[in-house]
Structures are given as structure tokens and as C-alpha cells.
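Beneath this line is the structure, given in C-alpha cells, with notes to follow.
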Amino acid sequence: MRKKIVAGNWKMNTTFNEGIKLAKAINDLSENLSNDETVEIVIAPPFTHISGVVKETNQKNIHIAAQNCATEKNGAFTGEVSAEMLKTIGCQYVILGHSERRAYYNENSEVLNKKINQVLAEHMIPIFCCGEQLAERNSGNHFKVVADQISEVLFNLTETQMESVVIAYEPVWAIGTGVTASKEQAQEMHAYIRKIITDKFGLSVSDKLSILYGGSVKPANAKEIFEQLDVDGGLIGGASLEADSFIEIVKSL
């Protein structure tokens, strides 16, 4: 059975105190869930909050992700945070390749190759993001764009490494816009991604691969998206900044 995951990406939101309050609220609500054994809840606060959030959450119910990491293990890289550092303060996941990192910080496949290997070397789980721009979908190139993003980074991994990867499909045109891919569009791309992984790594790997959908997921639309055969959960942005709405999304899985 594939792991079901709902991950909340807080991005650059909340002060430290606000983040601790939000983490406590999510933790308290998660204690009452009946499906906590089957759905993994992940939250990705800003770097500055991670240690405090770890202390305030039950690590059996809540797993902690970082939103990024450095390409290098250590050294003279002012302002960077390494995967090893993140591991030592309690992170279990790291989000890599988010469209905002690609667009605003010029992260390309070469950079992401280095980062994903750093995360895997620390025995953490990378949540690798992929997805097309609106113009790419409108031109019919969305499948090629996603296939290239995946092949250029993940095809360098071994089968064993690939078993530790989670993929998040996030159509860029649906991130923070209020526009959501239809359930049919989400399923179509998720099935395509699974086929890509099957063709490269085999059915035993792709069958266990968790593929998350991200892009304006809210309590109102989460259930119909999560019911699709190849959708194994969600990478949630804005709706993860409010504990009640985030937990309602978790309940939808």
C-alpha cells in the first residue's frame, strides 16, 4: 500500500511565535484523528521555526520537513543550511524543486541533482516538485515538461534511492491562484508520472511511489482530488496556514 501524505508548506509565512502557535494547534487537532495510522501529516515551517516546532509536536503524529537545503554538505557557504544540519534538528523530509525556487532562485536540474543526493545521504525523504506553466499546458507541452523535470533529476538515482522519494505534481498555474486542476487533469498527470517511473525503475518501485497533488487545494475540493486512483495526498500551501482547514484536508484523504 502506498503511503498517504498531506504536507503543509508554510513558505515564508508566520513569525516564530505564530509558527509555534500554528504547530501546536495542528498537533492538538491531529491527536483526535481516527486515520492517523494511515495518513502521514507533514509540516514544513521556515528554517527559523523548525527546532521550536519539533519540540511542540508529537513526532508520532506530525513529521517535519524543511522547505529547501544546500547543495553542499558543509563549508564556506554563507547563509546556506545543509541537509545534515536539518537532520540533526529533527527534519525527516525536505521539499526540493518547488516552482518558486526554480523561478525566483534559478534552481535548475544540476542544482537539484546535488540537493537530492544530499538529502538522500542523510536518510531523509525528498519531496520532489514538478509541474508546468500555464503557457506550457496551453501549448500541449505539459507532459514533456514534467517528464524532463523528472528524468533530469530522478533518473540519476538508483532503484533503492528512488524508493525513498516522494513526488509532488504542482501545476504552476494553479499555485496560489485559486484555480485548481480538475480531478481528471490531476489523475491524468499523476498516472503519467507513475508510468514514467515504471518505465525507468520498474513496477515494484512505481507501485510504492507516493505522488502528491499541489495547487490551491482546500477543504472544499480536497476529497474529489484525493479520490483519484493515482493521487496519494497533497502538498498544501495557503490552506496549511490555518490549523482547522489543514486538518480538514487531512481528513479528506
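Readers should treat all values here as calculations from the given coordinates under stated rules, not as data from a laboratory. Just so it is clear, the model here is predicted, and its values are computed rather than measured. No Cβ is skipped: glycine too gets one built from the backbone with ideal geometry, and neighbour counts run over all protein chains shown.
Of all residues in region 210-231, those satisfying the criterion of being farther than 15 Å from residue 188 by Cβ and in a loop (DSSP other than H, G, I, E, B) are 210, 214, 216, 217, 218.
Residues that are polar (S, T, N, Q), exposed (fewer than 15 other Cβ atoms within 10 Å of the Cβ) and outside any loop (DSSP other than H, G, I, E, B) do not occur anywhere in region 57-67. So is residue 182 hydroxyl-bearing (Ser, Thr, Tyr) and more than 18 Å from residue 217 (Cα to Cα) or not? When the stated conditions are applied, residue 182 does not pass them. Filtering region 85-134 to residues that are closer than 16 Å to residue 150 by Cβ, out of contact with any helix residue (DSSP H, G or I) (no Cβ under 6 Å at 6 or more places or on another chain) and in a loop (DSSP other than H, G, I, E, B) leaves 98, 108.
Does residue 150 meet the test of being touching a residue at least 12 places away in the same chain (Cβ under 8 Å) and assigned to a helix (DSSP H, G or I)? So residue 150 passes the test. On the stretch given as region 176-209, residues that are within 20 Å of residue 3 (Cα to Cα), under 19 Å from the mean Cα position of the chain (by Cα) and not in a helix (DSSP H, G or I) total 1. Within region 170-212, the set of residues being touching a residue at least 60 places away in the same chain (Cβ under 8 Å) and within 21 Å of residue 97 (Cβ to Cβ) comprises 170, 172, 175, 176, 193, 208, 209, 210, 212. The residue list 240, 164, 245 contains one member that is small (Gly, Ala, Ser) and not in a helix (DSSP H, G or I), which is 164.
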